[in-house]
Amino acid sequence: MRVVKSFFIDDINVNIFEYNLKYIIKFESSDMEQTYKIDMMEVVDINDLILKIDKKYIDVIKENFRIMKSQLIKLY
């Protein structure tokens, strides 16, 4: 697995990897992470993929983290 791009959007750490003809996007916030696999043939190139990770998309990712956190708290 090779790191292609790493960057922050707000408080979300975004890492994009290449592996087996897929882009693997990992979003990290505090002690949680979300991982998505995208077929490389579904996007023009890495820049096309990065452009799709816009404010609206990040807002959904943040909401997912909020839900994950509430589920995690239920374990305690």
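Each value in this text was obtained by applying a stated rule to the coordinates, not by laboratory testing. Source: prediction; values computed, not measured. In this analysis, Cβ positions are derived from the backbone assuming ideal geometry, glycine residues included, and neighbour counts consider all displayed protein chains.
Annotations for the structure displayed:
- Prolate/oblate/rounded call for the chain, Cα gyration tensor, a/c under 1.5 rounded: prolate
- Within the shell of other residues whose beta carbon sits under 14 angstrom from the beta carbon of Lys69, the net charge comes to -2, with Lys and Arg scored +1 and Asp and Glu -1.
- Degrees between helix 55-73 axis and first principal axis of the chain (Cα, 0 to 90, nearest 10): 40 degrees
- A simple spin-label model places pseudo-atoms 7 Å from Cα toward Cβ; at Val4 and Val60 they are separated by 1.8 nm.
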